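Just below is one structure, and these are the notes that go with it.
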Amino acid sequence: MHIFETLKKYRKRRSKRRSLEHIFHAENDYLLAKYPYFYNLISKDREFGIIQANIICRALLNKEVIDKVILDYKEECIRENKKIVSSEIKERINAAIVDLPYLNDENNHRIYIPFFSKSLNIIYVDEPEKLLTYPYEALLEDFSQSVIDVFDVYNYKLYDSFFSHMIKSLGDKTSNAFFSVDDYCIYVINSQGRLDVVINLYDRFMYKYNLKEIMVRVNKVMEKYYGFEKKEFIKELYNQKFISSRMYHMLKAGLDK
């Protein structure tokens, strides 16, 4: 059996009730049902699919917050018969987004709605008055034609942002590893923003989790992974206390066959 399949089969189970990603997904998955075209972007892997779905849900919630500010301001202007003032609407949006998740692009510009292009994100935050004029006002209703492949475009920056509970580890020219603090897995993500490999840490033969200096240990494991030495990789998983002695010998025996 493959190393990663064995790690998955014998992984130590965690209660979904304690998983922040599972809780958030259960509470917000209804958003994806409203926009089913997003399902085409999500991984078939159950756990990683939830991570991707939650990224999109957080972006949808961000959009709802900003849209409400814009529409409320529009109604206020109509009700009070006053002109739209750019500085006023920007001030209100800045106040509304202060605690919302975001990612920084290569120009250090904050992206709050990653399923939109960078140019549309600039309009949403820096030039929001345009959303009350043609053709941008359509984004407040049907925005399906403006949706991009969020994972391909923003890729590693998206997974290493406030949109997820993952921490960036090591990588090479073709992929990068991320450690999920939510389910104690290492996800190796390729340059198209898709999942290549899941490395399940902690197996069922272990009594408890060792979480001390975890990213230092994860990085040491991934050094061996990217060194393409399977025996050294398995040995490092054991040395860093991510697998039990029983699992180590099981994996080692599989390689020796």
Query raised in the report: What number of residues in region 19-68 are within 26 Å of ASN190 (Cβ to Cβ) and open to solvent by 70 Å² or more (accessible area, probe 1.4 Å)?
Result: 7
Query raised in the report: Within region 130-148, is even one residue among the charged types (D, E, K, R) and touching a residue at least 24 places away in the same chain (Cβ under 8 Å)?
Result: no
Query raised in the report: How many residues, within region 185-209, are under 13 Å from the mean Cα position of the chain (by Cα), of a type in the set (Phe, Trp, Tyr) and open to solvent by 10 Å² or more (accessible area, probe 1.4 Å)?
Result: 0
Query raised in the report: Can you tell me which residues in region 218-232 are out of contact with any strand residue (DSSP E or B) (no Cβ under 8 Å at 6 or more places or on another chain) and open to solvent by less than 30 Å² (accessible area, probe 1.4 Å)?
Result: none
**Report entry** Residue within region 233-241 that is over 25 Å from GLN52 (Cα atoms), open to solvent by 80 Å² or more (accessible area, probe 1.4 Å), of a type in the set (Phe, Trp, Tyr) and at pLDDT 95 or above present
**Finding:** yes
Query raised in the report: Does TYR156 satisfy the criteria of being in a helix (DSSP H, G or I), within 18 Å of GLU64 (Cα to Cα), out of contact with any Pro (no Cβ under 6 Å at 6 or more places or on another chain) and of a type outside the set (Asp, Glu)?
Result: no
Report task. For TYR73, state whether it is of a type in the set (Phe, Trp, Tyr), modelled with pLDDT under 90 and within 25 Å of TYR159 (Cα to Cα). Result -> no
Requested in this report: Go through the residues of region 165-177 one by one and say whether even a single one is among the hydrophobic types (A, V, I, L, M, F, W, C), farther than 22 Å from PRO114 by Cα and either surrounded by fewer than 21 Cβ atoms within 10 Å (Cβ to Cβ) or at pLDDT 95 or above (or both).
Outcome: yes
Query raised in the report: Can you tell me which of ASP182, ASP142 is open to solvent by less than 20 Å² (accessible area, probe 1.4 Å), in a loop (DSSP other than H, G, I, E, B) and of a type in the set (Asp, Glu)?
Result: ASP182
Query raised in the report: Just a yes or no: is a residue in region 210-217 assigned to a loop (DSSP other than H, G, I, E, B), surrounded by fewer than 17 Cβ atoms within 10 Å (Cβ to Cβ), without any contact (Cβ under 8 Å) to a residue 12 or more places away in the chain and not basic (Lys, Arg)?
Result: yes
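The values are calculated or read from the model by the stated rules, or taken from the named source; none is laboratory data. The structure presented is a predicted model; accordingly, all values stated were derived computationally and were not measured. Virtual Cβ from ideal backbone geometry, glycine too; neighbours counted across all protein chains shown. For accessibility, only protein heavy atoms count, side chains too; no ligands or nucleic acids. Shrake-Rupley method; radii C 1.70, N 1.55, O 1.52, S 1.80 Å.
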